[in-house]
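Below is one structure; the comments refer to it alone.
The values are calculated or read from the model by the stated rules, or taken from the named source; none is laboratory data. Keep in mind that this is a model prediction, so the values were computed, not measured. Don't worry about glycine lacking a Cβ; one is built from the backbone with ideal geometry, like all the others, and counts go over all protein chains shown. Only protein heavy atoms, including side chains, enter the accessible area calculation; ligands, DNA and RNA are left aside. Shrake-Rupley method; radii C 1.70, N 1.55, O 1.52, S 1.80 Å.
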Amino acid sequence: GAVVSQHPSWVICKSGTSVKIECRSLDFQATTMFWYRQFPKQSLMLMATSNEGSKATYEQGVEKDKFLINHASLTLSTLTVTSAHPEDSSFYICSARTGGLEQYFGPGTRLTVT
Amino acid sequence: DAKTTQPTSMDCAEGRAANLPCNHSTISGNEYVYWYRQIHSQGPQYIIHGLKNNETNEMASLIITEDRKSSTLILPHATLRDTAVYYCIVSPSNDYKLSFGAGTTVTVRA
């Protein structure tokens, strides 16, 4: 149980375009979903927290107009990287809470912006 | 400013117990200790969490000292598939955010 999926698993896009990443909880309803970013050889950095039906809360330094988060249902959250640039190339990972304290993570999406 | 301190790396022998230490000397009364691990190029995996009592599940055991200033994650019989970066995280019960540090890179050797 507690499986989280992400789509796509990897994506290559051109500079200036937008990319949408989906995060789904497959066998549970997620009260809260989180988005992280991980650069090579670095640890995960929390970008934002989202609750179904409400606006996401962004961490300091994360541009909310560049990283649009929509948590439309209890099983789906999306992250859209708008006007992507090469410095946005990273490993994006989502996680979800079932209602307990632990979080369950997706497999990650590797974004490369050329 | 990191809330936890972990060794940068450690090696373990396959089939033996792996004991991973974590120091969290400034932990507050309402903060839980969480352990996650990340195998290369994958999303992190939840292992276990605890407040003050020792905890055990099918993956590992968590031993928290009485003063709660440190803990040890025990993998009872390490396998090659346990090679990963292990993160010890403290977080309040009313704040579900996880702040990942550098973790401990554990290499299990045959």
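Descriptive notes on the structure:
- Heavy-atom accessible area, probed at 1.4 angstrom with all protein chains present, ranks A:Met45, A:Met33, B:Met10 as A:Met45, B:Met10, A:Met33, highest first.
- Estimated vicinal HN-Hα couplings, Hz - region A:72-78 in sequence order (Karplus 6.51, -1.76, 1.60; Gly, Pro = x): 6, 9, 6, 10, 9, 10, 10
- Longest exposed-site-free window of chain B, the sites being GluC sites (Glu not before Pro) in a DSSP loop that have at most 12 other C-beta atoms within 10 Å: B:1-57
- Treating r as the C-beta distance of A:Phe39 and B:Leu80 and R0 as 30 Å, the FRET efficiency rounds to 0.65.
- Shape category assigned to chain A from the gyration tensor of Cα positions, a/c cut at 1.5: prolate
- Sparsely packed trypsin sites (Lys or Arg not before Pro) within region B:20-70, loop by DSSP, other Cβ within 10 Å at most 16: B:Lys52, B:Lys69
- Heavy-atom accessible area, 1.4 Å probe, ligands and nucleic acids excluded: residues of region B:39-68 down by at least 50 Å² from chain alone: B:Pro44, B:Tyr46
- Region A:12-69: C-alpha gyration tensor shape, a/c 1.5 cut-off, then a/b vs b/c: rounded
- Contact order normalised by residue count of chain A, Cα under 8 Å, 6+ apart, percent: 37 percent
- Isolated cysteines in chain A, defined as those with no second cysteine Cβ under 4.7 Å, comprise A:Cys13.
- Prolate/oblate/rounded label for region B:44-108 (Cα gyration tensor, a/c 1.5): oblate
- Taking every protein chain into account, the accessible area of the protein assembly as shown amounts to 50 square angstrom per residue (probe 1.4 Å).
- Using a 1.4 angstrom probe on protein heavy atoms only, the contact between A and B buries about 1500 square angstrom of accessible area, both sides summed.
- The portion of the accessible surface of region B:62-110 made up by carbon and sulfur, rounded to a whole percent, is 53 (1.4 Å probe; DNA, RNA and ligands excluded).
- Within region A:35-56, the residues that become at least 50 Å² less accessible when every protein chain is included than when their own chain is isolated (1.4 Å probe; DNA, RNA and ligands ignored) are A:Ser43, A:Leu44.
- All lysines inside 30 Å of A:Lys64 as judged from Cα atoms, apart from same-chain residues fewer than 8 positions distant: A:Lys14, A:Lys20, A:Lys41, A:Lys55, B:Lys3, B:Lys97
- Isolated cysteines in chain B, defined as those with no second cysteine Cβ under 4.7 Å, comprise B:Cys12.
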